[in-house]
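Before any comments, here is the structure.
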Amino acid sequence: MTAPAIELKGISKAFGPVQANKDISIRVMPGTIHGIIGENGAGKSTLMSILYGFYKADRGEIFINGTKTEIPDSQAAIAAGIGMVFQHFKLVENFTVVENVILGAEDGALLTPSISKARKSLKQLADEYELSVDPDALIENLSVGHQQRVEILKALYRQADILILDEPTGVLTPAEADHLFRILDNLRKEGKTIILITHKLREIMEYTDTVSVMRRGEMTATVKTSETSTEELAELMVGRKVLLRVDKQPAEPKQVVLSVKDLRVTDSAGVERVKGVSFDIRAGEIYGIAGVAGNGQSELMEVLGGMQSGTGTITMNGEEIDLTGKFSDGQSRRARGIGHVPEDRHDEGLILDYTAWENTIFGYHRDAEWSAGPLLKNAAIIEEAGAKMERFDVRPPIPSLKAKNFSGGNQQKIVLAREIEKNPDLLLVGQPTRGVDIGAIEFIHQEIIRLRDEGKAILLVSVELDEIMSLSDRIAVMFDGQIMGERDPAQTDERELGLLMAGIAGEPDKPDWKAVEENLEAVEHGEAPKHG
Amino acid sequence: MDKMPAWADVVLIPLISLLLAAILSALVILAIGESPVEAFNLMVDGALMRSSGWGYTLYYATNFIFTGLAVAVAFHARMFNIGGEGQAMLGGLGVALMCLYVPWPHWSLAMLGSTLGAAAFGALWALIPAYLQAKRGSHIVITTIMFNFIAAALLNYLLIGVLKPKGSMEPASAKFDPAFALPTFQDMFASEGNPLFRGAPANVSFFLALLACLFVWLLIWRSRLGYEIRAYGWSQTGAKYAGISGTKIIIVSMLISGGLAGLMAVNTTQGEAERLILNMTEGAGFIGIAVALMGRNHPFGVLLAAILFGFLYQGGAELALWTNIPRELIVVIQALVILFTGALDNMVRMPLERLFLALRRKEG
């Protein structure tokens, strides 16, 4: 019997009072894709950081290919044949691909021999695994998908046999993600071992051989993927039964609440980010905007929320909104009945160093009900905050706790509670479940649907295609600052939307992968897309 | 979770820093052949054991309260107002103009007038750097430092020119009307048989400083404006999201900060010198930075820190008077306190945080 590629025995690690990993044991067989799934803060990243030498375990042993190995730093990990692809790439932006690949693995004082050697092996790797990247391209000119390939190449060039990928598809389009999994499949066929850390159940079910579930620092189960189901995995992750499908009735759209015509937004660098967007949202419907991050959705939300100026016409309940004037700010938007759950709750939606109760009035702090002359009615606000936190199941429901001490899901619930309880006519929702655990996702989705059923208009922007598809009543896809098309969620699929996200409105049955890649790259450089 | 309980942050860290500064100061005093114990006794005796000593300590503390609050208010909007010195000088000018050219019927009205004058002039001097920061992005640290020099040059120019009485040989304004003299603690608390605060300069403006503490507390922690100032200080994009204008926050908080710094002139110029002199700030503008740091930008902390620095000032003067410890060494001791409580804050904070984490883990 072959020895496992990786075997961890009794790994424990504590950060202060927090037990990040509790007595974790795991065996990963060579030539397999092993998924590790768990909610945020379950301890997945800590475990991988121990394996890669970033942290030292308090207790426990690591065996690589059957031999006990000490991994005090990342050099030792590389020497043991472990390569890691981080969620946030660690590449030098203004170096070329080949320069990044040899960085830290140069053979001598002169670079030329290393570079030509690397060039040769890059070509070989590209042919072998569909890992083609132009070796002389600058990193800053590559698309995110290609940058990720460079990270994989870096690991392979260092002779890695074990590859750890941390949330690799978070930043990719569906097409890019498909390509990534083809690469991973090729690597597996060559006998490499792959550990895939993700919170996406679908990826686990489709691509892994075995899967381990983590919850609150403990390994709750390791099962063969073929012998489990998404429902079972979700339950193991959260510790209770979870409703994965969003339960909703068909929408009953009424009058137009928001009407956007030929909206254009130019950023501070003079680049046009939104290039003439028009759409209507009716009361009682959810209008979802899908797209790869950075295609103008954020700017669109910011203009609607009063954080940026733009040109064009926006009417709210039949009245035109001032887009550039002195009175175009978050306050004036709120006065018009627009609530805003921003994409970045850490920097925008919350003041992390404020207490929960201070955050429950953020943006509405000038409302007469909270004011006594120039002073705020702290006692009344605290009391109301406690009630709001109870209603939105914020845990722990302590108004005097600072926002930064809540988990991601509970932080998001504080923002939602604030915006929804104000009873807005239109709610802008950006990335509502980014960094939010499954249990909270379920609750947040239900709240959004409930608001829709009360006859409110909702604009949803998300990079999670699943979320867009399950919540929206109409889906628009944004690419390069424009809306590529609108689809009925019942009559479209991920494949079609994925192509639209890459700016291609052609025949979905015969995707032109090269065109997809070229288009995505062009947009990232701020050039015009080549294919339409 | 926060790494430490609040009391450790507010009480323990400053105390340990202070202790370290005291130990180092003691070593320095030993090194020049004097007795640290004797020096400490002398400082305490001169600054705290007699009412006249308290009269001096609180006089200095009054200055530091105003300049400390000034730094604290600006800091809540994450601006580092180093211009307290210049704003206080302009405040002095405001006091002088009010007391020289307005025929007040009573000292209390004169004090009201000079309070307004000092606050207005200090605020206006802060307005220019604030405007440059808000509209032009010129860094407030750079501009406020430069404005200190401009203020000093302006004061110099006025005191050897227009404000100098004919025939006078020193760079100072004319004496104010003696009727405008502010009541000192001696006037207020001493009686025939109980001669308290004899000759000490502490005066009624100390109570103005206490009012200023209360005002800043209400402003920062109870008012809507304070809520916006703190929000802007923590996150500028967050403020934008909430519809809080950054320009407004920068300008308003700097106006308040400059006004507070200017107010110290009521104490030094109307309360003590009774005329405008060149060195009217006595360096308090800069001490205010250390006071705000040590006081954790909280008015109550600023009050305590200001009294501590008042003690160091007065105790230091006593040392220079009665021992062979040179005046410069007093500055060294004060500098050590600033260094440990302000600049080296993390040196004490980090080990303490680790200690508290370890303790908590043991409990858990």
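The values are calculated or read from the model by the stated rules, or taken from the named source; none is laboratory data. Keep in mind that this is a model prediction, so the values were computed, not measured. All Cβ positions, glycine included, derive from the backbone under ideal geometry; neighbour counts span all protein chains shown. The protein model used for the area step is the full one, side chains on, heavy atoms only, and it has no ligands, DNA or RNA in it. Shrake-Rupley method; radii C 1.70, N 1.55, O 1.52, S 1.80 Å.
Values as computed for the structure displayed
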item	result
Breaking point among (1) open to solvent by 50 Å² or more (accessible area, probe 1.4 Å); (2) under 12 Å from B:Gly91 (Cα atoms), for B:Leu155	(1)
Residue tally, condition touching a helix residue (DSSP H, G or I) at 6+ places or on another chain (Cβ under 6 Å) and assigned to a helix (DSSP H, G or I), over the stretch A:149-164	5
Failed condition for A:Thr360, given (1) more than 14 Å from every other protein chain (Cβ to nearest Cβ); (2) in contact (Cβ under 8 Å) with a residue 40 or more places away in the chain	(1)
Residue in the stretch A:164-175 that is at pLDDT below 90, open to solvent by 30 Å² or more (accessible area, probe 1.4 Å) and not aliphatic (A, V, I, L, M) present	yes
Of residues in the stretch B:205-232 being of a type in the set (Gly, Ala, Ser) and within 9 Å of another protein chain (Cβ to nearest Cβ), the one farthest from A:Gly349 (Cα to Cα)	B:Ser223
Any strands (runs of 3 or more DSSP E) falling wholly within the stretch A:213-286 and containing at least 2 residues that are surrounded by 13 or more Cβ atoms within 10 Å (Cβ to Cβ) and at pLDDT below 90	A:218-224
Qualifying residue in the stretch A:351-365 (condition: in contact with a Pro (Cβ under 7 Å, 6 or more places away or on another chain), open to solvent by less than 10 Å² (accessible area, probe 1.4 Å) and aliphatic (A, V, I, L, M))	yes
The stretch B:1-46: number of residues that are among the aliphatic types (A, V, I, L, M) and closer than 30 Å to A:Ala356 by Cα	8
Test result for A:Ala440, under 26 Å from A:Val238 (Cα atoms), touching a Ser or Thr at 6+ places or on another chain (Cβ under 8 Å), of a type in the set (A, V, I, L, M, F, W, C) and within 14 Å of another protein chain (Cβ to nearest Cβ)	no
Qualifying positions in the stretch B:321-344 - open to solvent by 40 Å² or more (accessible area, probe 1.4 Å) and of a type in the set (A, V, I, L, M, F, W, C)	B:Leu321, B:Trp322, B:Val331, B:Val332, B:Ala335, B:Ile338, B:Leu339, B:Ala343, B:Leu344
Candidate set: the stretch A:309-348, residues that are polar (S, T, N, Q) and more than 9 Å from chain B (Cβ to nearest Cβ); chosen: the one most open to solvent (accessible area, probe 1.4 Å)	A:Thr324
Residue match in the stretch B:345-357 (condition: more than 14 Å from every other protein chain (Cβ to nearest Cβ), within 20 Å of the chain's Cα centre (by Cα) and either of a type in the set (D, E, K, R) or open to solvent by 20 Å² or more (accessible area, probe 1.4 Å) (or both))	yes
